[in-house]
Every structure is written in structure tokens, then in C-alpha cells.
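The values are calculated or read from the model by the stated rules, or taken from the named source; none is laboratory data. The structure displayed is predicted, hence computed values, not measured ones. Methodologically, a virtual Cβ is constructed for each residue, glycine included, from the backbone with ideal geometry; neighbour enumeration extends over all protein chains shown.
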Amino acid sequence: MAQLTAPPQLLTTTLGKAIRWSQQQSMWPATFGLACCAIEMMATGTAHNDLARFGMEVFRASPRQADLMVVAGRVSQKMAPVLRQVYDQMADPKWVISMGACASTGGMFNNYALVQGVDQIVPVDVYVPGCPPGPQSLMHGILTLQDKVVSGELAR
Amino acid sequence: MMAEPTATTDIWVSGTEAPDVSEWMVAGTDEGAQEMERDETVERSVEQRGSRVVDDWVVDDSVDDDERMIVNMGPQHPSTHGVLRLNIELEGEIVRRVKPIIGYLHTGMEKTAETLTFLQGGTNVTRMDYLAPLHNELCYSLATEKLLGVEIPPRAQAIRILMTELNRVSSHLVATATNGMDIGALSMMMYGFRERELILAFFEKTTGLRMNHNYIRPGGVAADLPDGWEEDVAEILERIPLAMRDYEDLLKENPIWLGRTRGVGIITADECLAYGVTGPTLRAAGVPWDLRKSQPYSGIEAYEFDVVTGSRGDVYDRYRVRIGEMHQSLRIIEQVVDTMPRGDYKTTDRKVSPPPRQRIDESMEALIHHFKIYTEGFKVPAGETYVAIEAPRGELGCYLVSDGSGAPLRMHTRAPSFSNLQALPIMMADSLVADTVACIASLDPVMGDVDR
């Protein structure tokens, strides 16, 4: 109450910065688990690694409520159109993390069955290496994405 | 209206005039949705052999077609354990028919296996059932060794049992965790993954990776156990039974859990045998069938353990069987720790195993030998074999054909999840829509294992 005579505490910023900050702070991922990486993605979301620290624990089952698609695992030719449809259903602004070697490049499976890199279907913002990437790697990928968003490098 | 394949165009004998299949080939690629349509000309019981759903459906013809609805579930769905897709035919709230559609994770692994040497093959098979990678490696290695006819040192065998039984515990932890999450017991998800991290930390220390280890290789294992492994395993043996008491408090007598699982997704022993269902699902139906007892591998017959069975074959019994199996696996691990033999961790047969590092510095021949094994791979005598082991999901088999070269001519995996998935339409006969996820979760299918 002694503060009443003091000048009001103000925080000034630009609208763009405020928007980017809020986008970064609550980026909800879509549950798009495909293969081995999905298990590590689940492990990242649970208590031991606790993705909630980055405001991301709310994995949304509906793409319409999600901002981020973590493509976790190998994308087969049969799954590719489904993946694209889920991406199209997501509302803007949206981001994509390609998790693991298979999603990024096809990994060790250079054959008839797999899409050789999910960036052939959807635009990818961050690639996370590993087979499968551990929870720490995924979290590093997520933090990289958040940095890119807040710095305006990935303006949507 | 597209032409349906008829009996005459269905099978084409080469040498005769090829039928015009262009029209129904297009229909045939439409993911099977058209097969769900009613076809009055076909005897209904032929469509889905052995399914009680069909029989009931034939008797009850009073329901108007307008009251039936076909709902698509998946392949992108949080409760289908990956990319399983189901066509579910509903009559109000009752599931009448279910048609699982697979192939959304087809990775061409059996074909890839033909391009990799026997030594490299482990990297491939370990990615099939990614919740039980060590079992896949063990099965592949046992098949290769059977063709090679090499002796595996006792320590390597004991390490294999230790690692696969730990893997069984971690796999069942995920199964129980996801089963809980699907039915709404969200804390089970957190608990299950908490203890899994403990086992995975030990795996990372031993093999270098949390999953997809390529640790068990033809001829033995990739490396000896790390220093201080006894303490790590002792911690696992101490903490997991304590944690499992938490699970029992949470679920065992929980009225909501009982309501959602008791009497749900029942499958009888006869139906299991007819469909080739193995693993916890078969044992929950009351059949004490465990390959560790009936066809022991890797020296597991030396350890004492019981086969856990259920009696009713419902979702609750399958959950109980998994909990019981975790206790039995820990029992095996305890005995392995107590009786771990000393000696080599891989075979000393120089046809399979490269010379030790020290020899390479001393001898040119040893260097060449080492180089040849890691480039060409070792030669495996021509022949074919089938080896099966008890994976967490059931009988995991590896059929291997060698033509005498360094890579397999053909590799086929008998995937437990694939066979178990066939039982889904039977389990879900006349059940409620809400029980669908309970049934899927209790089967614990891994789509990487189904589609390969």
C-alpha cells in the first residue's frame, strides 16, 4: 500500500514481440507418434523429463487444437497422405519438428517403403538427430524452435 | 457402381486370358472400406470366419441399415498405439464389426535385411518391436547361430537372459502405463514411465542407447556388462517391486478400473489358439503356454520361474498377467545376478568373432581378418531355420534362409503383435464403443512389429 504514491509499474513492448512471446510459451503439440521415436516423445512428456516445464505437456489429440507437429518416427508411403492431411488441419500458426533420423532423411531404411525425409511433404522447422533421439535431444530441439520463434526468425 | 471381383476373376491362372481387373483393382486399393458394405450375395459367415459378431449379426436382421454406422478410427488417433486403423461398424453404442487395417508403418524391414550382413542385421531387427528391441535381437541372433552352429559362452547367455528379462519388465511397464492412460487412469502413465526410466538408464549404460540397442549380436553380446552393474541391477530389483505396490494400490481394487476392465474384451482359450494368439493374451485366457518353458532358449531353463495365467481372458486378467510376469522376470533377474558366470561375453570362434584388439597391433593377418569380418561379414552355411522366443507380446519367431554368403537370402519375422491383432474383432464382439480402447490397449500391439 506504501507503493500508492510511486509511479505505476509499466512494461513496454511491441505487439509483435508480445505475440511471439506468447506463442513460444504455450506451444501445444499434436500427438503424431509413428514409431520408436513416439515412445521417446511419450517419455519426454512424462514425469521424469517433464515437458510441462516448457508449457508443452498438453498433447492434443485433435490437430485443430495443436500448434506443433512432432513427426516422431518413420513415415511410410501409406502414411504420407495422412500426415499431410493432419498438417493441413492444423490452424495457423503452426510448426513442425522432424524427430529422428527416419523422419528427417529416411534413416537406415533407404527402400521402397519409406518417405525419404518428411520435408518432402511438410515444411520442417527443426530437425532432431538421433535414432531415436533421447528426451534431452527432443527438448533441445523444442528449445531451439522456441528461440527461433521468439527471435522472429520463424515469423508466422 | 464398381464391379465386384467374382469367383472367376479372383484367381487368374497364367496362360489363360488375363481378366480386365482395372476397375476393381482401383476399388481394391480403397483401404478396404468397400468390404464393409453389405453384400447380399455372399454368405455372411464366410466373410469373417469364426467371429461371433457376424453370427449375431446374421440372426438379427431386423435392424434397419440406416441405424448402422461405420466409424473410422485412426490411423492418427491417440489410443491406437501408433498407426493402427480400425473400421468399426456400430449399431447405436454397440460395436458389431471391426476391421483392423494395417500397413501404415510398413518399413520394408524384411527386404532391408537381405541387403545387410548377418552382423549388421541386428540394427535392422531391433527397430521392429521397439518396446522389446533386445528380444528381436536375441531371436535373430539365435537363428543365425543355429545356422552357424557356434557355441555361445555361458556368460553371454546369462547376459542375454538378464537383458531380455529387464526388457520384458520395461515393455510391460509401458503396456500397463498406456493401458491405464487409455482408460483414464492418467497417473498410471506417469508411474509406469517413471520406473521404465530406471531400466532404460541401465540399458544406456550397458549398450550406449536407450532403445534400439543392437547389443545382442550373432556370437554373443556387443560388450561386457559395465563396472558396477550389480549395484544398478540391485537398485532396479529393489525399486520396481516397491513401485509395483503403488500400481496395485492404484488399480487392483479400484472400482472404476474394475468396471472398465472386468468382463471386457473377453477371448476364450479356443479362440486364442484358432487365431494364433500368444503371449499374455493367451495366458490370460488360461493356457499356460510360455516358450521359455516349452522351448527354452539361451539357458533360461536353469532359472526358476512360474508361468502366470489368468482364467477369464478379459482386459483385467491381461493386466494381472502382465503384473505377474514382471514379478517373475524380476525373480529370474535376481537368480541371474547371483549365478552370473565368468568368462567371455562372445564366442571365441574366429570364424564369427574378430580377433581381440591387442592381436591387431601385432599381426597383419589379424588386421585383415578383422577387416574381412566387418566388411564382408562372416559366411553362414546354406540352409534355413526357424527360431522362436517368448517376447513380451508372445511368440516372436525368426525364419532365416542363407545361401552361404554373408547376408541372409530371406528373413521373415513371425511378429506376435500381428497375430494378436487378429483377435481384436472377436474381443470387441458386441462390446460398447467405449471399450474399444480398453481392448486395443490390453492387446498391447506395437505397430512396428505388425507392419515391419
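Here is how the numbers come out for the structure above:
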item	result
Sole exception among (1) under 30 Å from B:Val450 (Cα atoms); (2) surrounded by 15 or more Cβ atoms within 10 Å (Cβ to Cβ); (3) modelled with pLDDT of 80 or more for A:Arg20, by number	(1)
Leading residue by the ranking (farthest from B:Leu148 (Cα to Cα)) among those in the stretch B:208-231 that are charged (D, E, K, R) and buried (at least 18 other Cβ atoms within 10 Å of the Cβ)	B:Arg210
Filter pass, B:Pro100 being within 12 Å of another protein chain (Cβ to nearest Cβ) and either at pLDDT below 90 or touching a helix residue (DSSP H, G or I) at 6+ places or on another chain (Cβ under 8 Å) (or both)	no
Residue in the stretch A:53-71 that is farthest from A:Asn110 (Cα to Cα), counting only those that are free of Cβ contacts under 8 Å to residues at least 60 places away in the same chain and outside any loop (DSSP other than H, G, I, E, B)	A:Arg53
Residue match in the stretch A:119-133 (condition: part of a loop (DSSP other than H, G, I, E, B), of a type in the set (Val, Ile, Thr), touching a helix residue (DSSP H, G or I) at 6+ places or on another chain (Cβ under 6 Å) and at pLDDT below 90)	no
Members of the stretch B:288-322 that are surrounded by fewer than 19 Cβ atoms within 10 Å (Cβ to Cβ) and either aliphatic (A, V, I, L, M) or part of a helix (DSSP H, G or I) (or both)	B:Lys293, B:Ser294, B:Glu301, B:Ala302, B:Val307
Any hit, the stretch B:186-194, residues being closer than 30 Å to A:Val115 by Cβ and not hydrophobic (A, V, I, L, M, F, W, C)	no
Residue check, B:Ala113 within 14 Å of chain A (Cβ to nearest Cβ), of a type in the set (A, V, I, L, M), in contact (Cβ under 8 Å) with a residue 12 or more places away in the chain and more than 30 Å from B:Pro425 (Cβ to Cβ)	yes
Hey, B:Val387 out of contact with any Asp or Glu (no Cβ under 8 Å at 6 or more places or on another chain), at pLDDT 90 or above and surrounded by 16 or more Cβ atoms within 10 Å (Cβ to Cβ) or not	yes
Residue in the stretch B:333-352 that is nearest to the chain's Cα centre (by Cα), counting only those that are over 15 Å from B:Pro218 (Cα atoms) and not in a helix (DSSP H, G or I)	B:Met340
3 or more residues on the phi < 0 side of the Ramachandran plot and within 12 Å of chain A (Cβ to nearest Cβ): qualifying helices (runs of 4 or more DSSP H) within the stretch B:178-262	B:186-207
Residue ID - farthest from B:Asn179 (Cα to Cα), chosen from residues in the stretch B:66-76 that are touching a strand residue (DSSP E or B) at 6+ places or on another chain (Cβ under 8 Å) and surrounded by fewer than 21 Cβ atoms within 10 Å (Cβ to Cβ)	B:Glu67
Criterion: under 18 Å from the mean Cα position of the chain (by Cα) and buried (at least 24 other Cβ atoms within 10 Å of the Cβ) - qualifying residue of B:Arg414, B:Arg393	B:Arg393
Qualifying positions in the stretch B:345-396 - touching a residue at least 12 places away in the same chain (Cβ under 8 Å), among the small types (Gly, Ala, Ser) and more than 30 Å from B:Val307 (Cα to Cα)	B:Ser353, B:Gly377, B:Ala382, B:Gly383
Residue count for the stretch B:430-439, restricted to those that are among the small types (Gly, Ala, Ser) and either within 14 Å of chain A (Cβ to nearest Cβ) or surrounded by 23 or more Cβ atoms within 10 Å (Cβ to Cβ) (or both)	1
Whichever residue in the stretch A:19-52 is without any contact (Cβ under 8 Å) to a residue 60 or more places away in the chain and in a helix (DSSP H, G or I) and, among such residues, is farthest from the other protein chains (Cβ to nearest Cβ)	A:Ile19
Complete set of residues in the stretch B:428-452 that are over 9 Å from the mean Cα position of the chain (by Cα) and under 28 Å from B:Tyr386 (Cβ atoms)	B:Leu443, B:Asp451, B:Arg452
In the stretch B:264-280, the residues that are touching a Gly at 6+ places or on another chain (Cβ under 6 Å) and buried (at least 20 other Cβ atoms within 10 Å of the Cβ)	B:Ile267, B:Thr278, B:Gly279
Hits in the stretch A:72-96 (condition: in a loop (DSSP other than H, G, I, E, B), within 17 Å of A:Ala113 (Cα to Cα) and in contact (Cβ under 8 Å) with a residue 40 or more places away in the chain)	A:Gly73, A:Arg74, A:Val75, A:Met79
Scope the stretch B:271-287; condition at pLDDT below 90 and either hydroxyl-bearing (Ser, Thr, Tyr) or in a loop (DSSP other than H, G, I, E, B) (or both); matching residues	B:Tyr275, B:Gly276, B:Ala285, B:Gly286, B:Val287
Residue count, the stretch A:91-108 (criterion: crowded, with 22+ Cβ neighbours inside 10 Å and not polar (S, T, N, Q))	7
Scope the stretch B:329-364; condition of a type in the set (A, V, I, L, M, F, W, C) and within 14 Å of B:Pro153 (Cβ to Cβ); matching residues	B:Met340, B:Val352
Set B:Ser405, B:Ser442: member being of a type in the set (S, T, N, Q) and crowded, with 21+ Cβ neighbours inside 10 Å	B:Ser442
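Results for (1) modelled with pLDDT under 90; (2) of a type in the set (A, V, I, L, M, F, W, C), shown as yes or no for each residue.
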{"site": "B:Asp344", "(1), (2)": "yes, no"}
{"site": "B:Glu362", "(1), (2)": "yes, no"}
{"site": "B:Glu365", "(1), (2)": "yes, no"}
{"site": "B:Thr375", "(1), (2)": "yes, no"}
{"site": "B:Ser402", "(1), (2)": "no, no"}
{"site": "B:Leu409", "(1), (2)": "no, yes"}
